[in-house]
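Derivation of every value follows stated rules applied to the coordinates shown; laboratory data play no part. Here the structure is a predicted model, which means the values were calculated and not measured.
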Amino acid sequence: MAISPVIRDRGTRRTVPKQRRMAIDIAEAAAHVPSFPVHRTMQLGGVESARRQLPSRMGWAALMASVYSRISQAIPELRDVYVPRPVPYLYRHPHPVASITVHRTDAHGVERLVWGRLNDAHLSSLDQIQSQISGFTTSPIDSFFRDGIKMEKRPWLLRKLTWRILMRWSGRRRAKHLGTFSLSNLGGWGALNAHYPLVTGTGLSMGPLQSDGCCEVVLLCDHRVIDGALAAKVLDLFEHKLTTEAFEEMDRLVSWRPAA
């Protein structure tokens, strides 16, 4: 009696999709950044109540970008990036640049990550910031992520060289193109991304809001630039400004009514 051969599923190989290249490049670049997370539990129930009373949508990403940009402008160390070549130095950008991670579907129906930049959010109103972020989720991807699309189309070796220049040789280009700080918010999905790949000086992440109004907020820091003590002070200031200045601005938006 013949014995049938055992058929083993050996899996398949496929080329890395272009839309995954940027995420992979960021992860590889971040492997050279000695980052660490600092956690703080914040009481944000009042802010959430004010946010829900607004006549138009106001996302947490807009609130975070507004408050942290203002703090970054007031605390210059938050606009520093470490540059190891040719001689190690700290580059300080003149204004904060926020890099916001967005999960969306592209023109081909493929779900992917893209990154939108906000310049001078510390000078913008909450409405203006929310309008820009909404554009990241509804506008054609190549309208705000043009540089990223071009980068994804480049050969591996050229992409590697570009990232090496950004991360190790040019502080100004790194801050301009990658941002001085990043935002990643999975709170809406009930999760906290507590330690994502960091290619900026600092990064903010927010978890889901609990029934008692508490929320876990994490500040990621490049240890070559920021120490834990300053990170803790920044989170304390972030909570204070979020529950006072941002709250008051939303309260004005609720109270304001256009003239008849």
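Okay, here's what the table says:
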read-out	value
For region 18-253: relative contact order, % (alpha-carbon pairs under 8 angstrom, 6 or more apart)	32
Mean residue ellipticity (222 nm) of the chain, computed from DSSP H runs ≥ 4 via -39,500 (n - 2.57), nearest 500	-12500 deg cm²/dmol
For the chain: lysine pairs under 16 Å (alpha-carbon distance), excluding those fewer than 8 apart on one chain	5
Sequence-separation-based contact order of region 131-260, relative, with Cα cut under 8 Å and 6+ spacing, percent	13
Three-way shape call for region 1-102 based on the alpha-carbon gyration tensor, with the a/c threshold at 1.5	oblate
Cα gyration tensor, region 91-242 - rounded (a/c under 1.5), prolate or oblate	oblate
Calculated Rg and Dmax of the Cα atoms in Å (choose from [x] 20.8, 92; [y] 18.5, 57; [z] 17.0, 51), label	[x]
